[in-house]
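Here the structure comes first, spelled out in C-alpha cells, and everything after it is commentary.
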Amino acid sequence: MIYIALSVLCSVTVSVLLKLAPRWQVDLRQAIGGGYLVASLLCMLFLNASFNAATYRSADSLFLLLALGILLPSIFLVLAISVQKTGIVRTDAAMRLSLILPLIAAFTLFGERLSPHKLLGIVLGLGAIACIVIRRESEDRSPGGAWQWPLLVFFGMGVIDMLFKRMSQAASVPFADTLLSTFSLAFVLSVLYLAACYRNGRAHWRWRHAGGAVLIGCFNFGNILFYILAHRRLASDPALVFTSMNIGVIIVATAIGVWWFRERLSRLNVAGLLVATCAVLVLASA
C-alpha cells in the first residue's frame, strides 16, 4: 500500500504546485514543457525506457503519438487553469472521474458488453461530475464562470486515457517506451510553442521556471512510477489499486483544498464528491 500512498501524494502535489505557481511567479507554460523533459529523463533512468522503432512503424501509431504529444501539454495547461480558477478539490475529482469516458467508448465503439454494475458506475460518475462542476457564478472569479475548466479536464484526461490504451493495442512495445516517446514529443512541441512566445516577447526566461519544471516533472513521473509499482506488487488485486488510488486522490485533494487553500464547496459539490467515491467503488467491483 506504500506505493499507492506515494502515488496519491505525488498526484495531489502536482495540483498543489500548479496552484502555487502564480504566487511564485513561475510561467506554467515553461514549467510544464520543461517538466516533460525531466519526465523523459526519469523514464530512461527508472523504467529503462528507450526509443522503440515499433512505436513509429505504422501511420496509426504515428497519429496516436502526435495526438498525445499535442494533448498532454495542452491538457496540463487546462488542468493548471482549472486548479487556479475552481480549486484543487473539483479539478482532481474531475480528473479521476475521466476514467468513465474510456468505459463509454468501450461499450459504444468497441462492442464491449455493458454489465449492470458498469452502467450504474457510469451513471453515478456522470451525475457526480455534474454536481462537482456546478457552482454559483458569484463564487467564480472569471466573468463567464469557471465551470467549463473541470469539465475540460474531465474530457481531456478521458481522451488521453483512450489514446494511451489504443496505442498499447496498436503497437507491441513496452508501456515505458510509449511513455518516453509521448513525453519527448510533448517536450519538443512545447519547445516550438515557447520559441514562438520568446520571439514575440510573450515569454521570458527565469531560473524559477526551470525549478518549477523540475518539481512538476519529478512529481508527475513519481505518480506514474509508484502507480506502476503498486500494480506490480498487487498484481492479483488490480481493483484494490484502482479503487485506492482514485478515492485516495479525491480524499487527500479535498482535505488539502478545504483546509489549506480554504476552498469553499457548496452542498451540491460535496454531494458530488460522495457520489464520485461511490462511482469508483461500483466500477472497481464490476
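The values are calculated or read from the model by the stated rules, or taken from the named source; none is laboratory data. A quick note: this is a predicted structure, and the numbers were derived from the prediction, not measured. Positions of Cβ are backbone-derived with ideal geometry, glycine not excepted, and every protein chain shown enters the neighbour counts.
Where helices (runs of 4 or more DSSP H) fall entirely within the range 1-94, those with at least 1 residues that are polar (S, T, N, Q) and surrounded by fewer than 21 Cβ atoms within 10 Å (Cβ to Cβ) are at 2-20, 59-86. The set of residues from the range 222-239 being surrounded by 19 or more Cβ atoms within 10 Å (Cβ to Cβ) and farther than 28 Å from residue 182 by Cα is empty.
Take the range 83-112 and flag every residue that is β-branched (Val, Ile, Thr) and either at pLDDT 90 or above or within 28 Å of residue 256 (Cβ to Cβ) (or both).
Taking the range 83-112 as the starting set, the residues that turn out to be β-branched (Val, Ile, Thr) are 83, 86, 88-89, 91, 100, 104, 108.
Across the range 83-112, the qualifying residues are 83, 86, 88, 89, 91, 100.
Remark: residue 88 matches the filter, which requires a residue to be aliphatic (A, V, I, L, M) and closer than 29 Å to residue 184 by Cα.
Condition (residue is more than 21 Å from residue 181 (Cβ to Cβ), free of Cβ contacts under 8 Å to residues at least 40 places away in the same chain and either among the charged types (D, E, K, R) or touching a helix residue (DSSP H, G or I) at 6+ places or on another chain (Cβ under 8 Å) (or both)) applied to the range 14-26: is it met by at least one residue?
Taking the range 14-26 and keeping what is more than 21 Å from residue 181 (Cβ to Cβ), we get 14-26.
Remaining after also requiring free of Cβ contacts under 8 Å to residues at least 40 places away in the same chain: 20, 23.
Of the ones still in play, those that are also either among the charged types (D, E, K, R) or touching a helix residue (DSSP H, G or I) at 6+ places or on another chain (Cβ under 8 Å) (or both) are 23.
Yes - at least one qualifying residue is present in the range 14-26.
Evaluated against (1) under 19 Å from the mean Cα position of the chain (by Cα); (2) modelled with pLDDT of 95 or more, residue 228 falls short on exactly one condition, (2). Look at residue 248 and say whether it is at negative phi, touching a Cys at 6+ places or on another chain (Cβ under 7 Å), crowded, with 18+ Cβ neighbours inside 10 Å and not basic (Lys, Arg). In short, no. For the range 260-281, a residue qualifies if it is surrounded by fewer than 19 Cβ atoms within 10 Å (Cβ to Cβ), more than 11 Å from residue 128 (Cα to Cα) and aliphatic (A, V, I, L, M), and exactly one does: 281. Taking the conditions (1) in contact with a Phe, Trp or Tyr (Cβ under 7 Å, 6 or more places away or on another chain); (2) surrounded by fewer than 21 Cβ atoms within 10 Å (Cβ to Cβ); (3) modelled with pLDDT under 90 in turn, residue 133 satisfies each one other than (2).
Of all the numbered requirements in (1) assigned to a loop (DSSP other than H, G, I, E, B); (2) among the hydrophobic types (A, V, I, L, M, F, W, C); (3) touching a helix residue (DSSP H, G or I) at 6+ places or on another chain (Cβ under 8 Å), residue 235 misses one, and that requirement is (3).
So if I check each of 242, 219, which one is in contact (Cβ under 8 Å) with a residue 24 or more places away in the chain, surrounded by 14 or more Cβ atoms within 10 Å (Cβ to Cβ) and under 19 Å from residue 285 (Cα atoms)? So that I can check it myself, show each step before the final result.
Details: 219 fails: under 19 Å from residue 285 (Cα atoms).
So the residue among 242, 219 that is in contact (Cβ under 8 Å) with a residue 24 or more places away in the chain, surrounded by 14 or more Cβ atoms within 10 Å (Cβ to Cβ) and under 19 Å from residue 285 (Cα atoms) is 242.
What residue, among those in the range 261-276 that are touching a residue at least 12 places away in the same chain (Cβ under 8 Å) and assigned to a loop (DSSP other than H, G, I, E, B), is nearest to residue 17 (Cα to Cα)? Out of the qualifying residues, it is 261. Only one of the listed residues (254, 243, 277) is farther than 28 Å from residue 39 by Cα and polar (S, T, N, Q). That residue is 277.
Among the charged types (D, E, K, R) and not in a helix (DSSP H, G or I): does that describe residue 202? Steps first, please.
Values: among the charged types (D, E, K, R): yes; not in a helix (DSSP H, G or I): yes.
Judged against the criteria, residue 202 is a match.
In the set 190, 266, 172, 285, only one residue is in contact with a helix residue (DSSP H, G or I) (Cβ under 9 Å, 6 or more places away or on another chain), hydroxyl-bearing (Ser, Thr, Tyr) and modelled with pLDDT of 90 or more; that residue is 190.
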